[in-house]
Amino acid sequence: MKQILSKEPFALLLFSAVILSMPIWLAPLGANYPDLLQKFAIYAIFAMGFNILFGLTGYLSFGHAAFLGVGSYAAVWSFKLFTMNVLPAVLFGTAFAGGVALLIGFVCLRRSGIYFSILTLAFAQMFYNLAYSVMTPITNGETGLQLTLQDPRIIDRALAPAGQGLPSTELFGLSMSGYSGFYFCAAMLILCFFISRRIFKSPFGLTLLGIKSNQTRMNYTGFNTRPYTLTAFVISGMFAGLAGSLLAVTDPLAGAERMQWTASGEVVLMTILGGVGTLIGPMLGAWIIKYFENIFSSFNDDALQQVYSFLPEGLRNMAVDLSSLFVGEGWHLTLGVLFMLIVIFLPGGLMEGWRRIVRRFRGGGGGDGEPAPSATTQPAE
């Protein structure tokens with residue numbers, strides 16, 4: 001039975017079933033509406049790609065939001081210039097982000113450790129400032145790049161006359177709004193999971209783990225590690241570009257705010273929260289953060305008054321005042337407390353907690369296992 005469960009087709013089939021049934025099993029949590037489901041799938045791809053770089057090589061990038069933004073801008077330009085069909089936009093955004101990642105990686109990977117992280121952060125801020133104020137003819141500045149009635153859309157206009165109003169994104173006539181948009185994003189997530197799983201189990205992935213373990217030793221043996229780290233960086237950037245393209249698919253708008261350093265920090269939190277170097281962990285981290293952002297941030301004083309309506313008025317007001325610090329605009333405080341607890345007690349993230357539970361039920365001892373290597377090792381200087 002164990003051999004059956006470990007086979008690639010079964011794992012992919014099980015993962016696909018879980019993802020495609022999300023509208024059903026997330027309904028009790030109030031997280032089954034299309035916009036949130038789309039974010040779950042998109043940011044899971046973003047975190048999964050970041051994990052290929054950070055989890056396998058140990059190189060910590062603080063500039064991955066640049067590729068997210070580049071993918072969004074490229075996809076919107078595809079909509080404006082060619083067609084509202086999402087396939088060319090996704091391919092164009094992913095490829096363009098990969099090209100940008102190749103250039104940035106070629107420069108940044110000349111250094112490692114904290115110097116690499118600072119270089120990627122500097123590039124991300126450069127791209128943000130370029131998009132926000134310098135390249136306004138291309139990015140439309142702080143307003144963001146949007147669709148207009150004057151867009152050429154060469155392919156669409158050649159096939160059919162332009163309709164009234166702004167067009168919407170579609171896949172061969174199927175609108176990408178609502179649940180159809182989620183299932184398209186889910187299909188991309190399943191594809192990315194398959195690619196990521198193949199990378200993790202391939203000789204290429206094992207080489208990246210060797211680089212993470214001791215890059216200096218590999219260099220001393222005459223092994224050139226730069227092509228491997230650069231390839232991992234480009235693949236990771238393409239995942240981010242795909243996520244940015246999907247953001248444009250679900251909402252045809254690209255803004256400079258997607259390139260801010262806070263967006264890069266968010267994907268780092270997602271990966272560490274779920275478990276660095278694991279296949280499922282970063283995806284879980286992305287889901288938790290997006291759930292907190294969309295559900296916890298929606299609570300206000302009126303909602304809290306209803307929650308604590310069973311208490312006497314004095315106690316109810318005290319409970320509302322205390323809870324309001326952790327929900328609504330203060331949801332970041334709840335996330336921060338959760339993140340600190342996980343980092344302190346589960347350095348390997350949520351997946352380490354899952355492994356401890358499994359070991360306990362299998363009689364493998366208590367839950368004080370060693371922290372996951374991925375949470376502690378760094379590339380050599």
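The values are calculated or read from the model by the stated rules, or taken from the named source; none is laboratory data. Just so you know, these numbers come straight off a predicted model, no measurement behind them. Don't worry about glycine lacking a Cβ; one is built from the backbone with ideal geometry, like all the others, and counts go over all protein chains shown.
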Quiz item: What are the residues in segment 148-180 that are in contact with a strand residue (DSSP E or B) (Cβ under 8 Å, 6 or more places away or on another chain), of a type in the set (Gly, Ala, Ser) and either under 13 Å from residue 38 (Cβ atoms) or without any contact (Cβ under 8 Å) to a residue 40 or more places away in the chain (or both), if any?
Solution: 180
Exercise. Show the residue pairs that are 6+ apart or on different chains and have beta-carbon atoms under 9 Å apart, the first residue being within segment 181-208 and modelled with pLDDT under 95 and of a type in the set (Lys, Arg), the second being surrounded by fewer than 17 Cβ atoms within 10 Å (Cβ to Cβ) and not in a loop (DSSP other than H, G, I, E, B).
Key: 197/8; 197/11; 197/12; 198/8; 201/8
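Please specify each residue of segment 160-215 satisfying the condition of being part of a helix (DSSP H, G or I), of a type in the set (A, V, I, L, M) and more than 18 Å from residue 233 (Cβ to Cβ). It would help to see each step written out before you state the result.
Step one: filter segment 160-215 for residues part of a helix (DSSP H, G or I), giving 178-201, 203-215.
With the extra rule that they be of a type in the set (A, V, I, L, M), the set shrinks to 186-191, 195, 199, 206, 208-209, 211.
Selection gives 186, 187, 188, 189, 190, 191.
Is it the case, given these coordinates, that residue 230 is within 20 Å of residue 51 (Cβ to Cβ), part of a helix (DSSP H, G or I) and without any contact (Cβ under 8 Å) to a residue 40 or more places away in the chain? Before you say what the answer is, go through the steps one by one.
Values: within 20 Å of residue 51 (Cβ to Cβ): yes; part of a helix (DSSP H, G or I): yes; without any contact (Cβ under 8 Å) to a residue 40 or more places away in the chain: no.
No.
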Quiz item: Which of the residues that make up segment 86-117 are surrounded by fewer than 20 Cβ atoms within 10 Å (Cβ to Cβ) and over 21 Å from residue 258 (Cβ atoms)?
Solution: 87, 106, 107, 110, 111, 113, 114, 115
Quiz item: Would segment 94-108 turn up any residue that is in contact with a Lys or Arg (Cβ under 7 Å, 6 or more places away or on another chain) and under 17 Å from residue 49 (Cβ atoms)?
Solution: no
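Which of the residues that make up segment 20-50 are among the small types (Gly, Ala, Ser), outside any helix (DSSP H, G or I) and buried (at least 16 other Cβ atoms within 10 Å of the Cβ)?
At the first step, the residues of segment 20-50 found to be among the small types (Gly, Ala, Ser) are 21, 27, 30-31, 41, 44, 47, 49.
Within this subset, residues satisfying the condition of being outside any helix (DSSP H, G or I) are 21, 30-31.
Across segment 20-50, the qualifying residue is only 31.
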Self-check item: Positions within segment 104-143 being on the phi > 0 side of the Ramachandran plot and free of Cβ contacts under 8 Å to residues at least 24 places away in the same chain, in sequence order
Solution: 140
Quiz item: Does segment 356-375 contain any residue that is modelled with pLDDT of 85 or more, acidic (Asp, Glu) and out of contact with any Asp or Glu (no Cβ under 9 Å at 6 or more places or on another chain)?
Solution: no
Quiz item: Which of (1) assigned to a helix (DSSP H, G or I); (2) within 19 Å of residue 289 (Cβ to Cβ) does residue 326 not meet, given it meets every other one?
Solution: (1)
Quiz item: What's the number of the condition residue 78 fails, among (1) touching a residue at least 60 places away in the same chain (Cβ under 8 Å); (2) crowded, with 19+ Cβ neighbours inside 10 Å; (3) assigned to a helix (DSSP H, G or I); (4) among the hydroxyl-bearing types (Ser, Thr, Tyr)?
Solution: (1)
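Residues of segment 312-323 being closer than 18 Å to residue 300 by Cβ and either under 37 Å from the mean Cα position of the chain (by Cα) or in a loop (DSSP other than H, G, I, E, B) (or both), which ones? Please lay out each step first, then the result.
Initial filter on segment 312-323 (closer than 18 Å to residue 300 by Cβ): 316-323.
The answer is 319, 320, 321, 322, 323.
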Quiz item: How about segment 137-168: which of its residues are among the β-branched types (Val, Ile, Thr) and surrounded by fewer than 16 Cβ atoms within 10 Å (Cβ to Cβ)?
Solution: 138, 143, 148, 154, 155
Practice problem: Have a look at 17, 101 and point out the one that is small (Gly, Ala, Ser), closer than 26 Å to residue 198 by Cβ and either part of a loop (DSSP other than H, G, I, E, B) or touching a residue at least 40 places away in the same chain (Cβ under 8 Å) (or both). | Solution: 101
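One line per residue, one yes/no per condition, for (1) part of a helix (DSSP H, G or I); (2) of a type in the set (Val, Ile, Thr); (3) in contact with a helix residue (DSSP H, G or I) (Cβ under 9 Å, 6 or more places away or on another chain); (4) surrounded by fewer than 24 Cβ atoms within 10 Å (Cβ to Cβ):
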residue	(1), (2), (3), (4)
53	yes, no, yes, no
56	yes, no, yes, no
60	no, no, yes, yes
83	no, yes, yes, yes
